[in-house]
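Asks: Sharing a structure with you now.
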Ligand SMILES: Nc1nc2c(ncn2[C@@H]2O[C@H](COP(=O)(O)OP(=O)(O)OP(=O)(O)O)[C@@H](O)[C@H]2O)c(=O)[nH]1
Ligand SMILES: [Mg+2]
């Protein structure tokens, strides 16, 4: 399974925008978080994404890089083997993502138990650990959680982010954290794009990281980091 997954991840990297999957124990607040993260104007309607599953939404980092955010089915403790089979595609979707937002209900009586239950299930299908996505633990429901429990979880889960999908607290910090861990486009290009190919310049802006642009007699000179696929088109 590992080589197959690695190949899929590499092929995604070549062209597509980075993917962030929201997973976690049932009732942790995953769907609420997705709505919060995508409902505040960061999301743009884009016909390109009209055919995606409705739980996949387009979003962008504060510095303007496109990404997808997807919601998943909640986990429950001791998922029976047959259910693991049924959830396999959801679980594999997590494994193929670039980033896993592991949402935790910090106001639950046993958040640590839920964290390990989720990780155990993901590990069963190879979607957690060194080969899996970068995991960001999101300690949700901080509006009603015991602050001492939140501190305890923060000590245990280094790098986690404290939020409330209900009040919106911590969401800016979470957006910044996502921007930090989402992979950056790999190829540095320095090209002059003819003015007739404004579409290419737009794609550099929406999917790449622009270092500089300059208008010349021949077209727009663009220095940027982009995906290998876009780099190939720009240099063709
Ligand atoms: N107090 C509080 N309640 C929250 C917060 N986030 C979500 N909730 C509530 O928690 C419940 C579950 O929220 P959902 O967003 O449906 O949780 P989920 O993880 O998507 O649940 P499943 O899809 O069933 O696994 C709802 O009643 C939400 O209103 C929060 O930050 N604070
Ligand atoms: Mg949900």
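Asks: Apply 1/(1 + (r/R0)^6) to the Cβ-Cβ distance of residue 88 and residue 156, taking R0 = 22 Å, and write down the FRET efficiency to the nearest 0.05.
Replies: Numbers: r = 29 Å, r/R0 = 1.32.
It comes out at approximately 0.15.
Asks: Taking a quarter of the surface of the convex hull around the Cα atoms of the stretch 125-176, what do you get in nm²?
Replies: Values: hull surface 17.8 nm².
Approximately 4.5 nm², given one-decimal rounding.
Asks: A further question follows. Over the stretch 187-235, calculate the relative contact order: mean separation of alpha carbon pairs under 8 Å at least 6 apart, over the residue count, as a percent.
Replies: Details: 78 pairs, mean separation 23.8, N = 49.
It comes to 49 percent, rounded to a whole number.
Asks: What distance in nm separates the two pseudo spin-label positions at residue 235 and residue 134, each 7 Å out from Cα along the beta-carbon direction?
Replies: 2.5
Asks: Turning to a different aspect of this structure: What distance in nm separates the two pseudo spin-label positions at residue 190 and residue 31, each 7 Å out from Cα along the beta-carbon direction?
Replies: If labels sit at residue 190 and residue 31, their model points lie 5.1 nm apart.
Asks: Quick check: pseudo-label points 7 Å beyond the Cα along Cα→Cβ at residue 73 and residue 148, how many nm apart are they?
Replies: It is 3.9 nm.
Asks: For the stretch 187-235, how big is Rg over Rh, using alpha carbon atoms and the Kirkwood form of Rh?
Replies: Details: Rg = 9.4 Å, Rh = 10.3 Å.
Looking at the stretch 187-235, the ratio lands at 0.91.
Asks: Report, as a whole number in µm² per second, the diffusion coefficient that Stokes-Einstein gives for the stretch 98-236 at 20 °C and 1.002 mPa s using the Kirkwood radius over alpha carbon pairs. Can you show the working numbers first?
Replies: Numbers: Rh = 17.9 Å.
Estimated diffusion coefficient is 120 µm²/s.
Asks: Quote the FRET efficiency, to the nearest 0.05, computed for residue 120 versus residue 63 with a Förster distance R0 of 35 Å and r equal to the Cβ-Cβ distance. Walk me through the intermediate numbers first.
Replies: On the way: r = 35 Å, r/R0 = 1.01.
Efficiency at R0 = 35 Å is approximately 0.50.
Asks: Over the stretch 124-188, what is the mean sequence separation of C-alpha contacts under 8 Å (at least six apart), divided by residue count, expressed as relative contact order in percent?
Replies: Numbers: 48 pairs, mean separation 18.5, N = 65.
Relative contact order, the stretch 124-188: 28 percent.
Bear in mind that the values in this text are calculations on the coordinates, not laboratory data. What you see is a predicted model; the values in this text were computed from it and never measured. So basically every Cβ, Gly included, is an ideal-geometry build from the backbone, and we count neighbours across all protein chains shown.
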